[in-house]
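Let me begin by presenting the structure, written as structure tokens, before commenting on it.
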Amino acid sequence: MPGLNEPSSRRVLMQGNIAAAEGAIRAGCRFFAGYPITPSSEIMVQMAKLLGSNDGRFIQMEDEIASICAVIGASGSGVKAMTATSGPGFSLMQEALGYGYFTETPMVLVNVQRAGPGTGQATHVGQGDVMQARYGTHGDVFPIALCPASVQEMYDLTIRAFNLSERFRVPTFVMADEAVGHLREPCALHGGFEIEHRNRHGEGAPFGSDAPDGVPPMPAFGDGKKLMVTGSTHNPEGFRKVDDPEIHDALVTRLMRKTEDHRGEIVEVEEFFLDDAEVAFFAYGISARTALAAARRLRKMGVRAGLLRTKTLWPFPEEAVAQLGRRVRAIVVPELNKGMFAGVCRAHAAAEVHSVTQTNGKTIEPGRLVTFVQEVLK
Amino acid sequence: MTRAMEKYLRGGLGGTAFCPGCGHGILLGALLRAVDRIGIHQDDLLFVSGIGCAAWIPSPNIGADTLHTLHGRAVAFATGAKIASPKMTTIVVSGDGDISSIGGNHLIHAARRDTDLTVICANNQIYGMTGGQTACTTPVGARTATDPAGNPHRPFDLCQLVIGAGARYAARYPITRPPMLVDAIEKAIRTPGFTFVEAISPCPTQFGRRNDTPDVGDLYEKVEALCIDRENAESMTFDERLKHFVIGEFRP
Ligand SMILES: Cc1ncc(C[n+]2csc(CCOP(=O)(O)OP(=O)(O)O)c2C)c(N)n1
Ligand SMILES: [Mg+2]
């Protein structure tokens, strides 16, 4: 059977979901468990194909709960593992995602967002799960969530998601959307990445570290370490400690610090025309492309508009947004939900924040944003 | 448990978390004897459990890799772990509520797929950990915290359930007969593919006290009295069988 294709800088026409699967294989993913759901299913189908020819393991499970649990089990066995889903499946996975977080299990989940809530509009785009990625499971969690805006980024950010997940032992989400997932555009399956691997054989207890923001080593099942993995509160060795207040607080705090203290390493933003901007969009995913088109049009009309695009949803790009708030008069946040990130933006930016929302299963037209900005500046 | 099995226990254990008279500790002993007979190296063993008293049988007690998961999902976690690392002998040990109520769908699908797992269900016919609520294995008429006047519903026949789904091996024995239980667990682990052992493991605290058998000895005797070999149960009516523990090997 043919193995992994040689990386290539040649750009080929590709669908976003396929690019995510290619990225996963390039990152070293060798296990996929999933359950079909539109608009993410192409990822699963492509993974079935790619894992078959790359000595990997693919399994179609009985539901999304089983899928995410199988992924966590596989990761415990030392194999990089992933699943892909959309809204209803993401909801079903929430309990296990909290388990993955608390057991510090690296894993990647691609959520190709569709128009919710409920079964919503399965084939139409939405960005309504961005808060669920942060707050969907119970308890205090600090997951990592990336957000691609192009087919190339479906590839690049899936690789990055694996790298961050392995580096920090934190479940990591690629919060794609139907438009980016189903978009077809040129994409290079390049090899310009260092690939991270978890610290499997390092010294130290598997669930503790002397450094407050420390990432402990993660031996696999079968490594002879007699691991105790549990989603209940545990001490650094893994013994359940469900009555000790100090151990619980120390664990919750250390897990928070793993992501919070490494914002600089995790958060990625991109700036367009911000040097002299008086108004700026703050956007993510497919809506950032709308915002870029609108900013360009506004510039042609003589309006000093710019864009801060974030590739990281969580941890939130607090510093970049605060700085933006000091630079511009107004921030406009276009998104395919009822203003979820506009609210977060308001908490961090001193400037006035305007929310442009659209929940009709369609991407926003740039013209709508142009008109909106003209009104704001009046 | 005999001293001979202590070598399989994890160092640093404080003691047992099980109530006096709980069957789960006897099941732990039977499981370790079976593992000892087969001679599997501890580093090649992975025990997966869900949530409940029974989920504490392997975790943290056994000195091997233990994965203590979510309520109901042990079989799904075990499926991923086993497929990713086939060299590991992967054994699920968990409760009746965990494996067959909230986790029932994972159980039948693992049996259907014939994933190489051994699932051991510690059936105490009740939700022990949460205070004695009705389980899908509670006998008709038994009193529980949520059915104080007696459970109106029939229990699952777990062995028949997994056989219907494709299990390679299925047996049921009470912890009052440890040698049979050890044999069954040994056979289940030695048999490739999906195998299942149901251990009747009485719960004096939550079940016995509510059902006229607060004394552990009385409860164990009652379990013994209700056990009937599968050959002898064949002439019974369906409803009569429901009142007993039909024991034996049901597959092959
Ligand atoms: C999703 C979820 N629902 C409910 C619970 C609460 N819970 C913990 S243990 C348990 C029942 C366990 O019963 P069983 O599996 O029969 O084990 P036993 O304690 O009887 O050995 C329940 C309902 C939980 N932990 N998670
Ligand atoms: Mg029970």
Whole-Å distance, taken between Cα centres, linking region A:220-263 and region A:306-322: 30
Between beta-carbons, use under 12 Å as the cut-off and find the net charge around B:V216, counting Lys and Arg +1, Asp and Glu -1. -1
Peptides B:208-220, A:125-137 ordered by average Cβ neighbours within 10 Å, highest first: A:125-137, B:208-220
Please compute, for peptide A:54-67, the average count of beta-carbon atoms on other protein chains lying within 10 Å of each residue's beta-carbon. 4
Buried solvent-accessible surface, both chains (A, B), 1.4 Å probe, Å² to nearest 100: 2800
Computed over the protein assembly as shown, the ratio Rg/Rh where both radii use C-alpha atoms and Rh is Kirkwood: 1.04
For the protein assembly as shown, what is the mean residue ellipticity at 222 nm derived from helices alone (per DSSP H run of n ≥ 4: -39500 (n - 2.57); sum divided by total residues; nearest 500 deg cm²/dmol)? -10500 deg cm²/dmol
Taking a probe of 1.4 angstrom, what is the accessible area of A:F372 in Å², to the nearest 10? 60
Going by the alpha-carbon gyration tensor, a ≥ b ≥ c the square roots of its eigenvalues, is region A:182-241 rounded (a/c under 1.5) or, if a/c is not under 1.5, prolate (a/b greater than b/c) versus oblate? prolate
About its Cα centre, region B:68-169 carries a charge dipole, from +1 on Lys and Arg Cβ atoms and -1 on Asp and Glu Cβ atoms, whose size in debye to the nearest 20 is 220
Ignore the peptide's own chain and count Cβ atoms of other chains within 10 Å of each Cβ in B:54-67; give me the average, rounded. 4
Just checking the output field for A:217-225: average partner chain Cβ neighbours within 10 Å of each residue's Cβ? 5
Honestly region B:1-141 on the Cα gyration tensor test (a ≥ b ≥ c root eigenvalues; a/c under 1.5 rounded, otherwise a/b vs b/c for prolate or oblate) is just oblate
Where is the GNM fluctuation largest for chain B (alpha-carbon springs, 10 angstrom cutoff): B:L117, B:L67, B:L13? B:L13
Within the set A:A21, A:A122, A:A205, GNM on chain A using Cα springs under 10 Å gives the largest fluctuation to A:A205
Indicate the gyration tensor shape class of region A:265-366 (rounded, prolate or oblate), computed on the Cα atoms with a ≥ b ≥ c the square roots of the eigenvalues: a/c under 1.5 is rounded; otherwise a/b larger than b/c is prolate and the rest oblate. rounded
Charges only on Cβ, +1 for Lys and Arg, -1 for Asp and Glu: so what's the dipole of the protein assembly as shown about the Cα centre, in debye to the nearest 20? 1240
Ordering A:S75, A:S8 by how much accessible area each has at a 1.4 Å probe, largest first, what is the list? A:S8, A:S75
Area accessible to solvent at A:I43, 1.4 Å probe radius, in Å²: 0
Summing Lys, Arg as +1 and Asp, Glu as -1, what charge do residues with Cβ under 11 Å from the Cβ of A:K225 carry, A:K225 excluded? -2
SASA check, B:L158, accessible area w/ 1.4 Å probe, all protein chains in place, rounded to nearest 10 Å², comes out at 0
When the solvent-accessible surface of protein heavy atoms is calculated with a 1.4 angstrom probe, in what order do A:E166, A:E278 fall, highest first? A:E278, A:E166
Take the solvent-accessible surface of the protein heavy atoms, probe 1.4 Å, and return the percent of it on the protein assembly as shown that carbon and sulfur atoms account for. 51
For a 25 Å ceiling on Cα separation, which of these pairs sit above it: A:K226/B:K82; A:K80/A:K338; B:K187/B:K222; A:K80/B:K82; A:K300/A:K338; B:K87/B:K187? A:K80/A:K338; B:K187/B:K222; A:K300/A:K338
Residues in region A:70-85 that, when all protein chains are in place, have 30 Å² or more less accessible area than the chain alone would give (probe 1.4 Å): A:G73, A:S77
Students sometimes get this wrong: rank A:K80, A:K378 by accessible area, probe 1.4 Å, all chains present, largest first. A:K378, A:K80
How big is D, in µm² s⁻¹, for chain A by Stokes-Einstein at 37 °C and 0.692 mPa s if Rh is the Kirkwood radius over C-alpha pairs? 155
Calculate, for the protein assembly as shown, the solvent-accessible area per residue in square angstrom, rolling a 1.4 angstrom probe over the heavy atoms of the protein chains. 38
Considering only A:F316, A:F282, A:F193, give the residue with the highest GNM mean-square fluctuation for chain A, with springs between Cα atoms whenever their separation is below 10 Å. A:F193
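The values are calculated or read from the model by the stated rules, or taken from the named source; none is laboratory data. As the structure is a computational prediction, the values presented were derived from the model and not from experiment. Backbone-built Cβ (ideal geometry, glycine too); neighbour counts: all protein chains shown. We work out accessible area using only protein heavy atoms, side chains counted, and drop any ligands, DNA or RNA first. Shrake-Rupley method; radii C 1.70, N 1.55, O 1.52, S 1.80 Å.
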